[in-house]
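Let me begin by presenting the structure, written as C-alpha cells, before commenting on it.
The values are calculated or read from the model by the stated rules, or taken from the named source; none is laboratory data. Given the structure is predicted, the values throughout are model-derived calculations rather than measurements. Cβ coordinates were reconstructed from backbone atoms using ideal geometry, including for glycine residues, and neighbour counts include every protein chain displayed. Note: areas computed on protein heavy atoms with side chains; ligands, DNA, RNA excluded. Shrake-Rupley method; radii C 1.70, N 1.55, O 1.52, S 1.80 Å.
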Amino acid sequence: MEQSQIPIGMLIQKAVKIRTHILEMVAEAKSGHPGGSLSAVEILVSLYFHKMRVDPKRPDWPDRDRFVLSKGHAAPVLFATLAEKGFIPTSELKTLRKLNSNLQGHPDLRVPGVEFPGGSLGIGLSAAIGMALAGKLDRRDSRVYALLGDGELDEGETWEAAMAAPKFKLDNLTAIVDRNGIQQDGLTEQIMPKEPVGYKWRAFNWHVLEVDGFDFRQIIDALDKAENMRNRPTVIIAHTVKGKGVSFMEWDPAYHGKAPDKDTVRKLVETMR
Amino acid sequence: MRDALAEAILELGTKDRRIVVLGADTSVSIKTSLFGERFPERFFNVGIAESNMIGIASGLALAGKIPVVSTYSAFVPGKCLDQIRNAVAYPNLNVKIVSSHGGLTVGPDGASHQTIEDVAVMRAIPHMHVVIPADAPSARELILKAASTPGPFYMRLSRPNVATVHESTADLEIGKAALLRDGSDVTIVACGIMLSEAMIAAENLSQEGISAEIIDCHTVKPLDNATLGKSAAKTGAVITAEEHNIIGGLGGAVAEALSESRPVRIERVGVRDTFGESGEHSELLVKYGLTSREIAKAARRLVRGQSA
Ligand SMILES: Cc1ncc(C[n+]2csc(CCOP(=O)(O)OP(=O)(O)O)c2C)c(N)n1
Ligand SMILES: [Mg+2]
C-alpha cells in the first residue's frame, strides 16, 4: 500500500482511545500491567486497524489473520483493542480482573478475538509457529503475528521457536518484540543483558527489521516488508518506551505491574482527550 | 509470608556462606532481592528463565552450595519440571525450592498464575520433600529447618497476609505434623492458608457440640503417618483442607495413607478439579469452596451423617 494511503490520523485517534481504556481498566481493577500495555499500543493499532484481516462479526473465520499476545500480561491493550475493533463491547472493559468476568488478568479464549492464552511467558512464539504451519498445510494466505516482551526473550523456549520458524520457512509468520528496555525486576540490560538483539535473530536466520514502535509509518512499512518476504519469517524489533503516554510511568519499572489510582487516571484522561 | 522468606534467607545467609539465592525476574516482588542487596556476590537473577535457574541450582549444589531458588509457584515447578526431576531430585541434591504466590491467592492475575496442581506433581517425585507452611512464623521456621535438612525441598508459600495460627514455632519439625487443637469427633488435616479456616470451623463446630481436632500437616511429604493414624483412630472421621486440587495434593496423600493404615471416612475440601479465575482472593476462596463454612459442612456430614 502507498504510504500516503495510510490513515494515520485515524490510527492516532485509536491509539489515544486505547491508551485511555488501558488506564481506566487497570485503575478500576486496582491491579494489572499498564507499563507493557502502553508500550504496545501503536503496534496493536497498526495490526488491527491497518494490517490484519479480521472480522469482529466472525471471530472464527478460518481465513483470518491471527495475533498471539505472547506477553499475556499486557492483556489490557489486547482487550481494549478488541473492544475498539468491535469484538467486545467497550462497556465490558471495566470488568477486567473481576470475579465472573470474561476479561481475565491474562488473555483467555472465552473472549472473542483472543487467539492464545498467554500468561506464562515464552510459549507464544511456539504456538504462533503451530498456527503458521497449519496455515501452510491448509494453503491459506492468512498470516500470524506474535508479540513478545523483551524480558520474555530470556525464556529458552523463545529461542527454540526462533530456531524452528526459519527451518519451516514460515514467511507467513511475523514476530514483533516490544523492546521497551524494562522487565519486572528492573532494566533488561541489568537483569539479563539481551543486546545485540537484532544480531541474535539474524544469527537464527530471521529477516530482521527495526522500527520506532510509536511511528505508524515505520511499523506499517515493516509489516508490509514482512508480508513480501518469501521463505523466511520476519521479526520486527519495535523500540518503545514502557508506560508510554504517561510521564510518571515512562521508564519506571514500578509501573510494570502497578495500577495508578482512579483519581490520577481521571485527571490524566482529561488531558489526553 | 514473603517477609518470612526474606528474613529466613537473610538469617541463613549470615550464618552459612554456602547459601546462595537464585531469582527469575520476580525477586523484587517476593523480596528475595533483599538478600541480593546484602550478599550481592551470592545472589543470581537469571531473568525470566526458570528452567535455566533450576539447572544452575543443580550445578551449584553439585559444587557444594545450598541454593535457595524462588519465583512464583505457577512457573516453578510449572516451567521446569524436567530440570527438577532429572537435575535435582534424581541426584538427590540439596536444592531448596521456595515458590511464592501458590494456590488461588494471586487472585486477579487469573488461572494462568494460580497453581492447584503443584503439590500433586512435586509429591510424586522421589526424594522430594513437600512443605506448605500455614502462616508467616511457621514459614520462617520451616525454611530454616529445610535448609539444615539434606535433600531437595519444594516449599509453597501463599501471597496475602494470612492469620497466624502458631503461637510458638520452635517445636515444628519437617515431617512431623503439628497438633493445633485437641478434639474427639472429627480430625481436620489442613495445610497452608486452610489452617486458619480450619480454626474458625472448629470454633463454630464446638458451639454445635462437635469437637474437632486440628492437625497442621505442613509437610505433605514425607507424610506423618503416625500422627495422622493416631488421630484418625481417635475420631474415626477425617477432613482434609488445602488450597489445591482435591486430586493428588494433601487430600490425596492423606487418603492414600489412611486407606492402608487406618480406613476411616474422609472428605476432601479443596478445588474440585477446575481451573481458577480472576477475582479477589477472598471472593475466590468462597466461590471455590475453600472456607471454614465448607469445612464445617463436611464435619457435620461426617459426624451426624447430615447432608447440610
Ligand atoms: C514464565 C513466566 N515467568 C515469570 C512471569 C512473571 N512476569 C510477568 S511479566 C514479567 C516481566 C515481563 O517483561 P517483558 O517481557 O519485558 O514485558 P513488558 O516489558 O513488555 O511488559 C514477569 C517476570 C511470567 N508471567 N511468566
Ligand atoms: Mg519489557
Practice task
Within the stretch A:60-97, track down each residue that is away from ligand 1 (no atom under 16 Å from the Cβ) and aromatic (F, W, Y).
Solution key: A:W61, A:F87
Handout entry: Filtered residues of the stretch B:172-193 (kept if assigned to a loop (DSSP other than H, G, I, E, B), touching a residue at least 60 places away in the same chain (Cβ under 8 Å) and closer than 20 Å to B:V131 by Cα)
Key = B:G192, B:I193
Handout entry: Matching residues, the stretch B:127-170, being at pLDDT 95 or above, assigned to a loop (DSSP other than H, G, I, E, B) and among the charged types (D, E, K, R)
Key = B:D135
Exercise for the section: Check A:H21 against each of (1) touching a strand residue (DSSP E or B) at 6+ places or on another chain (Cβ under 8 Å); (2) open to solvent by 20 Å² or more (accessible area, probe 1.4 Å); (3) not aromatic (F, W, Y) and name the one condition it does not meet. Expected result: (1)
Completion exercise
Restricted to the stretch A:112-126 and to residues being more than 10 Å from every other protein chain (Cβ to nearest Cβ) and touching an Asp or Glu at 6+ places or on another chain (Cβ under 9 Å), the residue farthest from A:E84 (Cα to Cα) is A:S126
Practice task
Determine which single condition B:I116 fails, assuming it passes every other condition in (1) farther than 30 Å from B:A170 by Cβ; (2) surrounded by fewer than 23 Cβ atoms within 10 Å (Cβ to Cβ).
Solution key: (2)
Fill in the blank from the handout: Subset of the stretch A:144-170, residues within 14 Å of chain B (Cβ to nearest Cβ) and either open to solvent by 20 Å² or more (accessible area, probe 1.4 Å) or more than 16 Å from ligand 2 (Cβ to nearest atom) (or both), comes to A:D154, A:G156, A:E157, A:W159, A:E160
Completion exercise
In the stretch B:47-86, residues that are of a type in the set (S, T, Y), within 11 Å of B:A24 (Cβ to Cβ) and assigned to a helix (DSSP H, G or I) total 1
Exercise for the section: Could you tell me which of the residues A:K244, A:K225 is touching a helix residue (DSSP H, G or I) at 6+ places or on another chain (Cβ under 6 Å), open to solvent by 10 Å² or more (accessible area, probe 1.4 Å) and either assigned to a loop (DSSP other than H, G, I, E, B) or not aromatic (F, W, Y) (or both)? Expected result: A:K244
Practice task
Could you list all residues from the stretch A:19-47 that are away from ligand 2 (no atom under 15 Å from the Cβ) and under 13 Å from the mean Cα position of the chain (by Cα)?
Solution key: A:E42, A:L44, A:V45, A:S46, A:L47
Exercise for the section: Quickly run through the stretch A:49-68 and pick out the residues that are closer than 17 Å to A:A15 by Cβ and either crowded, with 24+ Cβ neighbours inside 10 Å or at pLDDT below 95 (or both). Expected result: A:F67
Fill in the blank from the handout: Residue hits (the stretch B:12-38; in contact with an Asp or Glu (Cβ under 6 Å, 6 or more places away or on another chain) and within 16 Å of ligand 2 (Cβ to nearest atom)) are B:A24, B:D25, B:V28
Fill in the blank from the handout: Of the listed residues (A:I182, A:I176), the one being buried (at least 21 other Cβ atoms within 10 Å of the Cβ), in contact with a strand residue (DSSP E or B) (Cβ under 7 Å, 6 or more places away or on another chain) and of a type in the set (V, I, T) is A:I176
Practice task
Can you tell me which residue within the stretch B:78-95, out of those that are open to solvent by 10 Å² or more (accessible area, probe 1.4 Å) and within 18 Å of the chain's Cα centre (by Cα), is farthest from A:S120 (Cα to Cα)?
Solution key: B:L81
Handout entry: Failed condition for A:T81, given (1) within 12 Å of another protein chain (Cβ to nearest Cβ); (2) polar (S, T, N, Q); (3) open to solvent by less than 10 Å² (accessible area, probe 1.4 Å)
Key = (1)
Exercise for the section: Sort out which residues of the stretch A:188-218 are within 16 Å of ligand 1 (Cβ to nearest atom) and in a helix (DSSP H, G or I), and write them in order of number. Expected result: A:T188, A:E189, A:Q190, A:I191, A:V197, A:K200, A:W201
Problem - Residues that are of a type in the set (S, T, Y) and without any contact (Cβ under 8 Å) to a residue 60 or more places away in the chain, drawn from the stretch A:233-260 - result: A:S247
